[in-house]
Amino acid sequence: MNYLAHAYLSFNNPCLTVGNLVSDFIKGARQHAYPEEIRKGIRLHRSIDAYTDTHPATCEAKQIFRSQYRLYASAFVDVVYDHFLASDADHFTAESLAGFVQSVYQTLDAHTDILPEAFARMLPWMKSQNWLYNYRFPWGLEKSFGGLVRRAKFLDDSLPAIGLFHTHREHLQACYRAFIPDVLAFAASFER
């Protein structure tokens, strides 16, 4: 799961949202410098990631990207899942997604004093380019793929990923549909 899904799986709890979104930017014992409620969000994020990576539907979806992107296949599937979540009428309308995204940005803004430096540097870009909302559109997914490639050490081209997504869109959406109710139940029952 990528940023939108991690925010959504925080169930509108501000501290869980912050911890869930910054978790990848906090390594090792640094998590202990944060208040307990933020640490719960960090733990939730890591549990969601572990659950996602081993779910049969995700394993199936990763096969689509694996031959081209090897270990990065999971990262592409995470973005794909955010795209399908953003456009899933069972979870969001265009209006409700816009409201949800603005509440996430407001929550992050209210916690800027504790955001990890790298996340704090990224946040203005996230907001000004409205990453969370723009997952809804194919061009937003494509931009996210491009950003993933720019940040990766051993990748240099997102065009094959875009082609794979469009070629296998229906199959990837079926994987998402098999996965989303399970991860929602998992996150809701997570021991906080």
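The values are calculated or read from the model by the stated rules, or taken from the named source; none is laboratory data. Predicted model only: the values in this text are computed from it and were never measured. Please note: Cβ atoms are built from the backbone with ideal geometry, for glycine as well, and neighbour counts cover all protein chains shown.
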Options 61, 73; residue that is within 22 Å of residue 160 (Cβ to Cβ), crowded, with 19+ Cβ neighbours inside 10 Å, of a type in the set (A, V, I, L, M, F, W, C) and without any contact (Cβ under 8 Å) to a residue 12 or more places away in the chain: 73
Complete set of residues in region 128-153 that are farther than 19 Å from residue 98 by Cα, part of a helix (DSSP H, G or I) and either within 14 Å of the chain's Cα centre (by Cα) or in contact (Cβ under 8 Å) with a residue 12 or more places away in the chain (or both): 142, 145, 146, 147, 148, 149
Candidates 57, 98 - the one that is assigned to a helix (DSSP H, G or I), among the aliphatic types (A, V, I, L, M) and within 23 Å of residue 170 (Cα to Cα): 57
Identity of the residue in region 154-176, exposed (fewer than 13 other Cβ atoms within 10 Å of the Cβ) and not in a helix (DSSP H, G or I), that ends up modelled with the highest pLDDT: 157
One residue from 84, 92 being in a helix (DSSP H, G or I), at pLDDT 95 or above and over 12 Å from residue 3 (Cα atoms): 84
For residue 62: the one exception among (1) under 20 Å from residue 145 (Cβ atoms); (2) touching a Leu at 6+ places or on another chain (Cβ under 8 Å): (2)
Pairs where the first residue, in region 103-119, is among the small types (Gly, Ala, Ser) and the second is assigned to a helix (DSSP H, G or I), C-beta under 6 Å, 6+ apart: 118/25
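Can you name the residue in region 1-25 that is assigned to a helix (DSSP H, G or I) and of a type in the set (Gly, Ala, Ser) and is also surrounded by the most Cβ atoms within 10 Å (Cβ to Cβ) among such residues?
Of the residues in region 1-25, the ones assigned to a helix (DSSP H, G or I) are 3-8, 14-25.
Okay, now just the ones that are also of a type in the set (Gly, Ala, Ser), so 5, 7, 19, 23.
On the way: 5: 26, 7: 25, 19: 29, 23: 23.
Looking at residues that are assigned to a helix (DSSP H, G or I) and of a type in the set (Gly, Ala, Ser), I get 19.
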Where residue 121 falls short, out of the listed (1) closer than 30 Å to residue 31 by Cβ; (2) within 17 Å of the chain's Cα centre (by Cα): (2)
Region 178-192: number of residues that are in a helix (DSSP H, G or I) and either in contact (Cβ under 8 Å) with a residue 12 or more places away in the chain or touching a Cys at 6+ places or on another chain (Cβ under 6 Å) (or both): 9
